[in-house]
Amino acid sequence: MGEKEEAAPVLLQCLESGRVDVICSILSQMKNQADFHAQVDKLCCKEGTLLHKAVWLDAADSVAALLSGGVNPCVQNSEGKTAYQCCQSEGVRLSFVREALQSINLHKTERLCQLIRAGVPVDSVDTPDTKNTLLNWAADFATPEVVKALLTNGANVDLANFKEETPLHTAVIKANAEVVKILLSAGANPSLKTKKGQDAFALAETHSPALLSLLSMDQIARDVRHHRSVDDMDDRMSLISCTETLNTQILNDSIKYEKYIEGEIDSWTDLLWPQPKLISIKHQSPRNFEFPKDGKLKVYFDDCSSANPRQVMQIIELSKPLLVSVGVDIEYRGHRLADHETSALEGKVTCGVFEDGRPSGSYTLTIDAIRGVEVVGSDYAGIRHAFATFVQIVRLHKYALHKHVGHSNGVSTSVPSSPNGNASGDHSLLNGNSASKHFPDISADGTIKELTIRDQPDRAFRAVYQDFSGCRILNPDTILKLATRLSSCKANYLFVNFEVRTTDRYQLPYTNRELFHMMQVCQELFITFVPSIDTQSNYLEGDQARTIIDQFIDDFPLCKVVHFGPNLASLLISDRKLLTSIQRRVPRIYLSTHVDEKNGPPLSTLPPFVTLCVEGTWPFEVEKYVSPRVSVVIKFSTGDDGYLCASPESVAKKALLAAKLSDRQTVLGSMVCDLSTGCEAMPPSLSYMSLLASVGVAFNGSTDMKKYAFLLPVIAAHHMLLDGDMVSLFEQVQTLGKVEHQLTKYAYGYWKPNSSSSPNADISSGSETTLFGMSANKKMPISVFVEMILNPENMNMERLTPVVFKKARIELKRTTSALDATSKLLPYSYDLALVLEEIRLVTELMVLVSKLGQYMCVYGSQPIDRKKSFEEGLPYSPGRVGVINLPPAIRTDLANTYGFRFFVFNDGLFFRMLRVRGQFQHVWLSRSIPSTLQNALKMFDNLFRALLPHDLQEMGKQLL
């Protein structure tokens with residue numbers, strides 16, 4: 001070949017004629033030339049590079065010749081695909097795998113990583129018969145650097161060959177101590193056995209006894225890291241290892257839901273929320289819906305529809321930011337053309353409103369490879385719901401594609417699995433190793449299978465209630481962001497509750513401009529904004545109540561609906577004149593009240609424009625006392641009264657009960673209430689899963705919450721945080737709830753499972769047992785953590801021991817580690833960073849209170865006051881304890897850790913607010929209006945003062 005002759009045309013001819021020998025000769029001659037890669041790796045044909053051409057010809061020998069000659073397999077063609085991604089036969093794929101094996105044998109780490117980035121699976125096997133993975137080969141023939149490279153790229157450390165020999169077995173047989181260390185550090189299990197029944201220890205005894213000490217040290221480390229810390233009675237009663245939580249109490253009589261415990265899903269459609277009534281996917285269809293190459297969906301309006309195109313455009317614009325964030329834009333084209341159905345235009349979306357007799361908010365969504373996307377709503381709300389579902393579908397497919405491409409290119413985007421060992425959350429979705437594993441039926445290229453969704457709401461009332469009667473008052477921006485997210489999940493009412501003190505001048509925390517803006521945005525989101533008001537007491541005269549109500553309604557002149565809390569409601573129920581006068585200004589009135597035998601008769605005669613809001617409890621006795629002529633809405637709280645965090649168990653049970661009670665003819669729907677009084681003044685992100693669960697079952701009452709209770713973390717990550725990689729955050733929220741509730745159960749002697757607490761039980765029976773696991777006459781206890789924060793000087797710890805608090809700290813430290821790992825992969829997003837800080841705040845607070853509890857069990861009471869208790873194997877009981885009994889050194893240490901640190905400088909004491917209190921202030925001011933901060937911090941004041949030594953109390957008052 002001449003010195004200046006181009007190599008690519010000659011090599012193309014050789015490929016087409018099958019002259020492998022000539023290809024090898026030319027590449028051998030060119031290999032040392034400076035422009036070697038410029039010539040052999042350029043795009044020289046319509047398929048792409050020479051390697052793409054060989055793959056297209058399905059010529060395995062030519063592919064092998066090019067690869068052994070040194071061509072770059074990572075070059076992409078005009079479609080953005082590498083040669084490996086274009087492979088059509090196993091023979092050609094095997095050529096790539098053989099090149100990887102050759103790279104391992106020759107210790108060419110860079111070449112091996114290059115092939116993995118090009119798409120060669122890191123767990124590829126040499127032949128179907130022997131099943132030796134690349135890591136098996138590396139453990140046998142390669143250097144430690146090659147082994148590290150494979151593990152870094154996600155190789156399965158325990159994948160065995162046909163002899164059931166793992167890479168660790170191979171390394172032990174080879175007596176390669178360095179490789180054995182690397183594999184053990186990566187989590188290799190030395191207890192796995194070969195077909196001959198030999199584990200790594202047995203193989204080491206035979207082939208390399210010097211490795212026994214290394215394997216033994218690893219086993220000791222595993223035992224130390226084991227989920228349970230002490231193998232005794234206390235361990236069997238450990239906080240989470242006893243698993244008297246979601247996965248046992250809800251599912252204690254069924255194995256149907258076991259596979260969901262680890263977050264496994266049946267289909268990607270499991271992550272749509274609320275769950276559509278009907279999803280029909282054409283799995284056998286030869287074509288899928290492809291996203292347009294220009295990244296723009298072309299929106300057309302059905303000319304047979306009576307819908308106003310401008311209003312439809314406004315609805316679609318609500319979802320546009322969610323599409324743009326995943327690389328999909330929208331272009332409006334006007335009314336559809338005559339050949340619209342059959343044209344080859346990519347990304348067609350046709351919208352129309354057709355009243356077909358279904359309820360408001362009903363829709364049909366069709367995705368077809370040829371006809372494009374068809375969005376049909378029974379009204380404008382139906383269009384909104386349909387497009388919200390379509391956006392969820394697009395985002396899930398783009399997420400799966402991102403994971404698949406990231407893995408194909410050898411880029412690790414995984415978040416470490418939760419170290420808690422908890423059976424909650426979507427661990428598989430966190431570890432971005434295989435898109436097909438995460439989403440079993442999403443194509444690797446991100447295209448959407450042809451499908452039809454037909455959906456309609458079960459209940460016309462799907463409300464979220466934000467309570468601002470306590471110290472927490474969210475700022476308008478936070479409220480509107482929450483409303484936008486919940487609107488995408490098909491909530492349609494937003495109650496905003498204010499409390500007016502009769503001794504103070506009437507004033508709302510927002511300006512009229514802010515209130516009007518909130519109402520306007522909610523209207524655009526198809527959410528009915530409902531202002532709500534109550535007084536701190538029902539001891540007020542009718543004229544005074546009328547004045548307050550008139551002033552309140554004046555602040556919302558455009559509202560057609562209003563809600564009154566229990567105190568004002570009791571006055572309005574007894575004063576029908578006042579109630580009727582209010583109705584002249586506001587057509588629909590909601591009243592929150594308690595129902596019993598005494599007030600049943602007056603409630604039964606309420607006028608039709610009134611809807612009652614009652615607590616959702618079991619047994620549900622409203623129908624027993626109130627006439628069926630009165631419409632009812634059932635209320636649930638997002639959290640558990642007296643707790644910092646809701647347990648996964650209570651979230652699931654409330655959703656199950658909401659679905660059960662919504663079947664009643666008098667029940668219009670459900671309302672989930674995010675309270676702001678007392679300890680409920682916790683960050684709003686802790687309530688996201690509760691909000692989604694309630695809204696989901698209100699829209700689709702047939703949703704199987706026994707299944708979806710385990711998927712709530714990943715659903716919340718995708719639809720509230722808009723980032724599927726942030727599942728770990730909500731898994732840790734569940735862990736916090738489990739720890740708090742389990743420790744409180746120990747404190748009150750409720751650690752034994754209560755079979756009647758399971759939703760699988762027949763809750764329609766006449767049993768007096770509530771759905772929440774407590775009998776009707778047994779009051780739910782307050783959380784140990786909350787009691788310690790609010791009342792640290794008089795704690796009852798008769799059933800608690802230092803070991804129990806230590807175990808709580810271990811669980812919480814695992815949560816802290818998981819949050820730290822997640823923070824390293826956090827994208828640049830203020831909202832995500834704020835949620836992370838909120839969860840970290842509560843975690844640190846619980847860690848520090850656990851540490852305090854541990855000290856109080858040991859030092860918190862006088863020896864003479866301590867009791868001995870041998871009930872249920874508990875040998876130690878401190879009785880009633882207080883922080884005041886702690887030694888000064890312990891109190892100073894806790895104060896330094898908790899919120900104060902003292903520095904001696906220039907003969908003076910300087911105080912610096914640290915950690916919990918500082919974090920709380922930052923998070924609070926990011927979510928709430930600043931004027932409420934002072935009252936919010938009072939929740940911590942008792943504990944802060946108690947922790948400070950006596951000689952620093954006066955200075956502590958100045959700080960607080």
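Looking at Lys577, is it loosely packed, with under 13 Cβ neighbours inside 10 Å and under 44 Å from the mean Cα position of the chain (by Cα)?
Working: loosely packed, with under 13 Cβ neighbours inside 10 Å: yes; under 44 Å from the mean Cα position of the chain (by Cα): no.
Criteria not met by Lys577.
When you scan the range 609-621, do you find a residue that is aromatic (Phe, Trp, Tyr), part of a loop (DSSP other than H, G, I, E, B) and within 26 Å of Ser702 (Cβ to Cβ), even just one?
If we filter the range 609-621 for residues that are aromatic (Phe, Trp, Tyr), which is where we start, we get 609, 618, 620.
Then drop every residue that is not part of a loop (DSSP other than H, G, I, E, B), which leaves 609, 618, 620.
From the residues that got through so far, the ones that are within 26 Å of Ser702 (Cβ to Cβ) too are 618, 620.
Within the range 609-621, one or more residues are aromatic (Phe, Trp, Tyr), part of a loop (DSSP other than H, G, I, E, B) and within 26 Å of Ser702 (Cβ to Cβ).
On the given criteria, is Ser592 of a type in the set (S, T, N, Q), in the same structural domain as Phe498 (by TED's automatic domain parsing) and surrounded by 19 or more Cβ atoms within 10 Å (Cβ to Cβ)? Before you say what the answer is, go through the steps one by one.
On the way: of a type in the set (S, T, N, Q): yes; in the same structural domain as Phe498 (by TED's automatic domain parsing): yes; surrounded by 19 or more Cβ atoms within 10 Å (Cβ to Cβ): yes.
Judged against the criteria, Ser592 is a match.
Just need a number here: residues in the range 577-627 that are over 30 Å from Phe556 (Cα atoms), in contact (Cβ under 8 Å) with a residue 60 or more places away in the chain and not polar (S, T, N, Q). If you could, list the steps in order and put the result at the bottom.
As a first pass, look at the range 577-627 and keep what is over 30 Å from Phe556 (Cα atoms): 596-601, 617-627.
From what's left, in contact (Cβ under 8 Å) with a residue 60 or more places away in the chain: 617-619.
If we keep only those that are not polar (S, T, N, Q) too, we end up with 618-619.
The qualifying residues number 2.
Do any helices (runs of 4 or more DSSP H) lying entirely in the range 461-558 carry at least 2 residues that are under 35 Å from the mean Cα position of the chain (by Cα), in contact (Cβ under 8 Å) with a residue 60 or more places away in the chain and not assigned by TED's automatic domain parsing to the domain that holds Val391, and which ones are they?
Details: elements: 476-488, 512-524, 542-554.
Because the criterion is at least 2 residues that are under 35 Å from the mean Cα position of the chain (by Cα), in contact (Cβ under 8 Å) with a residue 60 or more places away in the chain and not assigned by TED's automatic domain parsing to the domain that holds Val391, the helices (runs of 4 or more DSSP H) in the range 461-558 that meet it are 476-488.
Look at the range 292-327 and say how many of its residues are more than 19 Å from Ile370 (Cα to Cα), under 34 Å from the mean Cα position of the chain (by Cα) and either surrounded by 15 or more Cβ atoms within 10 Å (Cβ to Cβ) or among the hydroxyl-bearing types (Ser, Thr, Tyr) (or both). Explain how you work it out, then say what you get.
Let us first name the residues in the range 292-327 that are more than 19 Å from Ile370 (Cα to Cα), namely 303-327.
Remaining after also requiring under 34 Å from the mean Cα position of the chain (by Cα): 311-327.
After this cut, where a residue has to be either surrounded by 15 or more Cβ atoms within 10 Å (Cβ to Cβ) or among the hydroxyl-bearing types (Ser, Thr, Tyr) (or both) as well, the list is 312-313, 315-316, 318-320, 322-323, 325-326.
Of the residues in that region, 11 qualify.
Taking Ala747 as the residue in question, decide whether it is more than 21 Å from Glu262 (Cα to Cα), surrounded by 24 or more Cβ atoms within 10 Å (Cβ to Cβ) and of a type in the set (A, V, I, L, M). Even if it seems obvious, please write down each step before you answer.
Working: more than 21 Å from Glu262 (Cα to Cα): yes; surrounded by 24 or more Cβ atoms within 10 Å (Cβ to Cβ): no; of a type in the set (A, V, I, L, M): yes.
So Ala747 fails the test.
Working only within the range 366-404, note down all residues that are closer than 23 Å to His283 by Cβ and touching a Pro at 6+ places or on another chain (Cβ under 8 Å).
Thr389
Among the residues of the range 40-61, is there at least one that is small (Gly, Ala, Ser), touching a residue at least 40 places away in the same chain (Cβ under 8 Å) and in a helix (DSSP H, G or I)? Step through it out loud before you land on a result.
So in the range 40-61, the residues small (Gly, Ala, Ser) come out as 48, 54, 59-60.
Subset that is touching a residue at least 40 places away in the same chain (Cβ under 8 Å): 59.
Narrowing the set further to residues that are in a helix (DSSP H, G or I) leaves none.
Among the residues of the range 40-61, not one is small (Gly, Ala, Ser), touching a residue at least 40 places away in the same chain (Cβ under 8 Å) and in a helix (DSSP H, G or I), which makes the answer no.
Can you spot a residue in the range 31-47 that is touching a strand residue (DSSP E or B) at 6+ places or on another chain (Cβ under 7 Å), of a type outside the set (Gly, Ala, Ser) and modelled with pLDDT under 90? Steps first, please.
Kept after step one, since they are touching a strand residue (DSSP E or B) at 6+ places or on another chain (Cβ under 7 Å), are these residues of the range 31-47: none.
No, the range 31-47 contains no residue that is touching a strand residue (DSSP E or B) at 6+ places or on another chain (Cβ under 7 Å), of a type outside the set (Gly, Ala, Ser) and modelled with pLDDT under 90.
Going residue by residue through the range 752-764, is there one that turns out to be touching a strand residue (DSSP E or B) at 6+ places or on another chain (Cβ under 9 Å), crowded, with 19+ Cβ neighbours inside 10 Å and at pLDDT 60 or above?
no
To keep it simple, each residue is scored yes or no on (1) crowded, with 19+ Cβ neighbours inside 10 Å; (2) modelled with pLDDT under 95; (3) more than 30 Å from Asp575 (Cα to Cα).
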| site | (1), (2), (3) |
| --- | --- |
| Thr484 | no, no, yes |
| Ala491 | yes, no, yes |
| Val500 | yes, yes, no |
| Leu540 | no, yes, no |
| Ile553 | no, no, no |
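Just wondering, is there one or more residues in the range 720-729 that are within 19 Å of Lys654 (Cβ to Cβ) and in a helix (DSSP H, G or I)? Give the derivation first.
Let us first name the residues in the range 720-729 that are within 19 Å of Lys654 (Cβ to Cβ), namely 720.
Next cut, in a helix (DSSP H, G or I) only: none.
The answer is no; no qualifying residue exists.
Taking only the range 621-644 into account, find how many residues are within 30 Å of Leu845 (Cβ to Cβ) and in contact with a Ser or Thr (Cβ under 9 Å, 6 or more places away or on another chain). Spell out how you get there, then give the answer.
First pass over the range 621-644, keeping only residues within 30 Å of Leu845 (Cβ to Cβ): 635-644.
Now narrow it down to the ones that are in contact with a Ser or Thr (Cβ under 9 Å, 6 or more places away or on another chain): 635-640, 642-644.
Selection size over the range 621-644: 9.
I'd like to know if the range 92-105 contains one or more residues that are touching a helix residue (DSSP H, G or I) at 6+ places or on another chain (Cβ under 7 Å), within 25 Å of His52 (Cα to Cα), among the acidic types (Asp, Glu) and surrounded by 21 or more Cβ atoms within 10 Å (Cβ to Cβ).
Yes; the residues of the range 92-105 include at least one that is touching a helix residue (DSSP H, G or I) at 6+ places or on another chain (Cβ under 7 Å), within 25 Å of His52 (Cα to Cα), among the acidic types (Asp, Glu) and surrounded by 21 or more Cβ atoms within 10 Å (Cβ to Cβ).
Can you tell me which residue among Ser325, Ser343, Ser306 is free of Cβ contacts under 8 Å to residues at least 12 places away in the same chain and out of contact with any Lys or Arg (no Cβ under 7 Å at 6 or more places or on another chain)? It would help to see each step written out before you state the result.
Working: Ser325 fails: free of Cβ contacts under 8 Å to residues at least 12 places away in the same chain; Ser306 fails: free of Cβ contacts under 8 Å to residues at least 12 places away in the same chain.
So the residue among Ser325, Ser343, Ser306 that is free of Cβ contacts under 8 Å to residues at least 12 places away in the same chain and out of contact with any Lys or Arg (no Cβ under 7 Å at 6 or more places or on another chain) is Ser343.
Looking at the range 280-290, is at least one residue over 26 Å from Leu401 (Cβ atoms), crowded, with 19+ Cβ neighbours inside 10 Å and of a type outside the set (D, E, K, R)? Before you say what the answer is, go through the steps one by one.
Looking only at the range 280-290, we keep the residues that are over 26 Å from Leu401 (Cβ atoms), and these are none.
No.
Does any residue in the range 369-392 that is on the phi > 0 side of the Ramachandran plot come within less than 7 Å, Cβ to Cβ, of a residue that is of a type in the set (Gly, Ala, Ser) and outside any helix (DSSP H, G or I) six or more places away or on a different chain, and which pairs are these?
Listed pairs, sorted by first residue: Gly372/Gly347.
Which condition number in (1) out of contact with any Pro (no Cβ under 7 Å at 6 or more places or on another chain); (2) at pLDDT below 80 is the one that Asp218 fails?
Evaluating Asp218 over (1) out of contact with any Pro (no Cβ under 7 Å at 6 or more places or on another chain); (2) at pLDDT below 80 leaves (1) as the failure.
The values are calculated or read from the model by the stated rules, or taken from the named source; none is laboratory data. Since we're looking at a predicted model, the values are computed, not measured. All Cβ positions, glycine included, derive from the backbone under ideal geometry; neighbour counts span all protein chains shown.
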